[in-house]
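Input: a single structure, listed below in C-alpha cells.
The values are calculated or read from the model by the stated rules, or taken from the named source; none is laboratory data. Because the structure is a prediction, the values reported are computed rather than measured. Cβ placement follows ideal geometry from the backbone for every residue including glycine, while neighbour counts extend to all protein chains displayed. Note: accessible area is taken over every heavy atom of the protein model, side chains too, but ligands, DNA and RNA are not part of it. Shrake-Rupley method; radii C 1.70, N 1.55, O 1.52, S 1.80 Å.
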Amino acid sequence: MSSDLAYRELAALWRERTLLGSCATLLAWDEETFLPAAGVEARAEQHALLTRLEHERATDPRVGDLLAEAAAALDPDDDIAATNLRLMREDHEQARKVPASLIEELARVTTRAQSSWEHARDAGDPRPYLPVLGRVVELTCAWADCVRDDRSRYEACLDEWEPHLTEAEVVTVLAELRAPLERLVDRVLGAPSPPAATLGPIALDAQRAMSHAVAGWIGFDLAGGRIDEAAHPSTMRIGPGDIRLTTRYAVDRPLAGLLSTLHELGHGLYDQHLPAEHFGTPIGEPSSLALHESQARLVENLIGKSHGFWRFALPRLAALAPSLTTVDVDDVYRQLNRVARSSNRVTADELTYDLHIAIRVELERALVRGDLAVADLPGAWDEAYARSLVRPTSAADGVLQDGHWAAGMFGYFPTYTLGNVMAAQLHAAAGAALGDLDADLAAGDLSRLVGWLRDHVHRHAGRYPARVVVERATGAPPDPAAQLARLTGKYGALYRL
Ligand code: ZN
C-alpha cells in the first residue's frame, strides 16, 4: 500500500462514499422487505439526500488534485494502489459530468417508481405506473447524455453494470446464442416429454427451513448474512459481515422458491468472499455485474438443477417437507429441467432464458434511443413475446414482471446472459481442474467447487475486469461456446435427441 499522503486522503474520501452507499443499500433492503407503504415519500427524500452527499464527495474539487499528487508519488510496484487510482480517476471524471440535481432527482423518482411498480403488479394494471416509468426513462436518457461522449446512450447505461461493455458486443452474444437455442428448443419440444411428477404444495415454514438448509450446504455463512422475503428477490451487500438475501415462496411452487434462494446464494457467496480488507476502496468492490450474475446462475443452474445435487438434497429436504418423500430424484430432475415457451423470465428454463433476455434488451435499447414511447411499451412487450415465446396472459406476467426499469437499471439485463456464458465456462474449467464435481455434489461436499470459485473469481473483487478474471481462470475470454455445448449435451441426454 502506498504511504503517500494524497493517496491516503483519497482512500479516506472513498471510504466515506462507500459508507454512504452502504447506508443507501440498507434503506433499499428495508424497502424490499418491511417499509410501510405510507413511508415511500419520506424514503425518497432520504435516498435523494444520501445520493447528493455521495455525489458531492465524488465530484469534490480536491479529488482531481489529490489524484495527480498520488499518481506522481506512486510506487511503480504497487499495483493495488495503481488500480485504485485508475478506477477512482474514471469515477471522478464521470461523476463531474452529471449535475447533482439530476442524480438527486433520479434517486427520488426511482424510489417512487419501484413502489408504483409493485402496486401495479399486484393490481395487474400497468396504467398508473407508466407515467412514473416514463419519468425514469426521461431522467436516464438525460443522465446518459451527460456521460456518454461519442457512445450511444445504451452503451453508457451498459457501462454502469459492466465496465467497457459495448452495445455491439451485447448484440453479437445474443445473436450467437439465439439461433442455436431456438433450434434446440424446437428439437426438445418436438421430442416425447419424459414423465415428471408434480411437486407440492409445501407449507411456507417448511420452504423457509429448506432454504436455510441449502444455505448451509452451499457454505453461505448465516452469521454474516440473512435470508428474508421480498416481491423481487435480490442480494444486497451492506458491508463485510452483512450480506442480505431476499427470496420468495409460493405454497404450490416449492421448487421455484428453492431455485430463487439458490440464485441469491450464488450472489451471497461471492459477496461473502470479497476481500474485507479492501472494503471502502474501488478494488474491494466487484468489477462486473455479469461476473456476479455468473456466480448466481452457476449455483442456481449448474448446481441446483443437477442430478448430483438432488441425490444429496432430496432425502434431507424430505425430512423438512414430507410430501417430497413421494417423488424420486429423477422426477425432481425432470421437473427442474422441463422446457417450455413461457412468458416468465424468473421461472424460465435454461434453454429459453436468454430468449427472454433478448426481448428485454431489444425493448430497453428502443426506449433509451427514443424509438419506443413508454405508453406503447405494454403492447410492444406482448408483441415481442408473441413472436419469440408466447403471448403473456396478464400484465403481471408480462410487462410488469421485472422491477429493473423502475429502479433505473437500464442496461442490466445483458449481464444475465453474459453471466450464463461465464458460468458455463468457469464451471467447465473447475471440472477440468478438480475432476468429478457431480460426485462431490452427490456427497453434499461443495467445498472444492466453492473454494475454486473463491480463489479464481471472488477474491479478485475489483482488481481485474471480468474478461481478465475469466481468461485467467479458464484460459480463454468469455465465449458462448461452453454454454451451448453444455446445454446441447444436457438436454440431448435428458430428451434423448
Ligand atoms: Zn441475480
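So how exposed is residue 157, as accessible area in Å² (1.4 Å probe, rounded to 10)?
Accessible area, nearest 10 Å²: 0 Å².
How much mean residue ellipticity at 222 nm does the chain get from its helices, if each DSSP H run of length 4 or more adds -39500 (n - 2.57) and you divide by all residues, to the nearest 500 deg cm²/dmol?
The per-residue figure over the chain is -20500 deg cm²/dmol.
Are there trypsin sites (Lys or Arg not before Pro) in region 389-497 that DSSP puts in a loop and that have at most 12 other Cβ atoms within 10 Å, and which ones?
Here the sparse-neighbourhood loop sites are 496.
Are there chymotrypsin sites (Phe, Trp or Tyr not before Pro) in region 160-233 that DSSP marks as loop and that have at most 10 other Cβ atoms within 10 Å, and which are they?
Filter output for region 160-233: empty list.
If the chain between residue 33 and residue 436 were fully stretched, how many nm would it gain, using 0.36 nm times the residue separation less the Cα-Cα distance? It would help to have the intermediate numbers written out before the result.
On the way: separation 403, 0.36 × 403 = 145.08 nm, distance 3.97 nm.
My answer for the length gained is 141.1 nm.
Can you tally the net charge around residue 384? Count Lys and Arg as +1, Asp and Glu as -1, for every other residue whose Cβ sits under 15 Å from the Cβ of residue 384.
Around residue 384, the charge tally is -3.
Normalised by the empirical 2.2 N^0.38 Å for globular proteins, what value does the Cα Rg of region 49-125 take? List each step's numbers first, then the result.
Values: Rg = 18.5 Å, N = 77, 2.2 N^0.38 = 11.5 Å.
Computed over Cα atoms of region 49-125, the ratio equals 1.62.
Could you check what % of the DSSP bridge pairs in the chain are antiparallel, to the nearest 5?
45
Scan the chain and note any complete DSSP helix (H) whose C-alpha atoms cover at least 15 Å along its axis and whose Kyte-Doolittle average is 1.0 or more. The partial results should precede the final answer.
On the way: long enough: 5-33 (42 Å, 0.02); 40-59 (28 Å, -0.80); 61-72 (18 Å, 0.46); 79-95 (24 Å, -0.85); 100-123 (35 Å, -0.57); 130-147 (26 Å, 1.21); 167-190 (34 Å, 0.49); 204-218 (21 Å, 0.32); 254-273 (28 Å, -0.06); 307-318 (16 Å, 0.14); 350-369 (29 Å, 0.17); 377-388 (16 Å, -0.61); 414-434 (30 Å, 0.70); 481-494 (20 Å, 0.28).
Taking the DSSP H segments of the chain (at least 15 Å long, mean hydropathy at least 1.0), we get 130-147.
Take the alpha-carbon centre of region 155-231, take the same for region 393-427, and report the distance between them in whole Å.
About 10 Å separates the Cα centre of region 155-231 from the one of region 393-427.
Which order do the peptides 249-262, 423-436 come out in when sorted by mean C-beta neighbours inside 10 angstrom, highest first?
Numbers: 249-262: 20.1, 423-436: 18.4.
So the order, starting with the most tightly packed, is 249-262, 423-436.
Hey, got a sec? Which chymotrypsin sites (Phe, Trp or Tyr not before Pro) in region 1-103 land in a DSSP loop and have at most 14 other Cβ atoms within 10 Å?
Qualifying residues, ordered by number: 34.
Report, to two decimal places, the Cα Rg of the chain normalised by 2.2 N^0.38 Å (N = number of residues).
Working: Rg = 22.6 Å, N = 497, 2.2 N^0.38 = 23.3 Å.
Output field value: 0.97.
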